[in-house]
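These notes are about the structure you will find just below.
The values are calculated or read from the model by the stated rules, or taken from the named source; none is laboratory data. This one's a predicted model, so the numbers in the text were calculated from it and none came from an experiment. We place every Cβ from the backbone using ideal geometry, glycine too, and count neighbours over all the protein chains shown. These area figures cover heavy atoms from the full protein model, side chains too; ligands, DNA and RNA do not enter into them. Shrake-Rupley method; radii C 1.70, N 1.55, O 1.52, S 1.80 Å.
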Amino acid sequence: VRSFLESRPIPTAVLFTVVGVLPLYLTSAQAVRLQHDLDFGRTQFGLMVSCFYLVSSIASLWLGPRIDRSGPTGAFRTAALLSLASAALIAGAAHRWEVFALFLGVAGMANAFGQLGSNLAVADAVRGARQGIAFAAKQAAVPAGAMLAGLAVPWAGGALSWRWVYVGAAGGALLLKGGVP
């Protein structure tokens, strides 16, 4: 995994973009089951999702200049670690919607690191007229993350708890963390 990520900056940026958005999209895809198990309504669900975006946007403002100076490698490592932590915490410790929202905030921080690192990796790796295509491929990761989350619905189905979907996401983040160049 490490040699692939080192030699392929665009797929690496795509993978870390997916890692950043996946916990949020899994939450959206599993919303009906989550609402039933954690006993919350639409308003609370909106607050949970807002937590992700609020943390991600505020963190991006603060992290942008720092990641620009230090480079994408540390941002990728931190994104994978935070995504791993948020998915594992959701799977194991989210028994109330307020706690779930807090863990989605951690996922929002992972998204900020992943998006900024990915943008920097693409900007450094691709110059000139090809940057538009490279950034388009990177941005295609966002709907790809939504697609993966949607595929998790029939996978978890009725046989598995929604928590196992987050265990799978934590496992994916762990694999990527180990492969950061």
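Within segment 157-168, is even one residue polar (S, T, N, Q), closer than 23 Å to LEU38 by Cα and surrounded by fewer than 15 Cβ atoms within 10 Å (Cβ to Cβ)? Can you show your working first?
First, pick out the residues of segment 157-168 that are polar (S, T, N, Q): 161.
Subsequent filtering for residues that are closer than 23 Å to LEU38 by Cα retains 161.
So of that shortlist, the ones also surrounded by fewer than 15 Cβ atoms within 10 Å (Cβ to Cβ) come out as 161.
So far as segment 157-168 goes, yes, one or more of its residues are polar (S, T, N, Q), closer than 23 Å to LEU38 by Cα and surrounded by fewer than 15 Cβ atoms within 10 Å (Cβ to Cβ).
For segment 13-45, enumerate the residues that are of a type in the set (Gly, Ala, Ser) and under 18 Å from the mean Cα position of the chain (by Cα). Quick ask: steps written out before the conclusion?
Restricting attention to segment 13-45, the residues satisfying the condition of being of a type in the set (Gly, Ala, Ser) are 13, 20, 28-29, 31, 41.
Residues satisfying the conditions are ALA13, GLY20, SER28, ALA29, ALA31.
State all residues of segment 80-94 that are of a type in the set (Gly, Ala, Ser) and either open to solvent by less than 40 Å² (accessible area, probe 1.4 Å) or without any contact (Cβ under 8 Å) to a residue 12 or more places away in the chain (or both); if no residue qualifies, say none.
ALA80, SER83, ALA85, SER86, ALA87, ALA91, ALA93, ALA94
Could you tell me which residue of segment 122-153 is least open to solvent (accessible area, probe 1.4 Å), considering only residues that are over 23 Å from TYR166 (Cα atoms) and outside any helix (DSSP H, G or I)?
Out of the qualifying residues, it is VAL126.
Find all pairs meeting these conditions: Cβ atoms under 8 angstrom apart; at least six residues apart or on different chains; first residue within segment 26-45 and closer than 26 Å to VAL142 by Cα; second residue not in a helix (DSSP H, G or I).
Listed by first residue and then by second, the contacts come to GLN30/TRP162; ARG33/TRP162; LEU34/PHE40; LEU34/TRP162; GLN35/GLY41.
Return yes or no: is LEU63 farther than 18 Å from LEU174 by Cβ and touching a residue at least 12 places away in the same chain (Cβ under 8 Å)? Show your work before the answer.
Values: farther than 18 Å from LEU174 by Cβ: yes; touching a residue at least 12 places away in the same chain (Cβ under 8 Å): yes.
Yes; evaluated as a whole, the condition is true for this residue.
Failed condition for THR27, given (1) within 21 Å of VAL165 (Cα to Cα); (2) polar (S, T, N, Q); (3) modelled with pLDDT of 95 or more, with all others met?
(3) is the only condition that THR27 fails.
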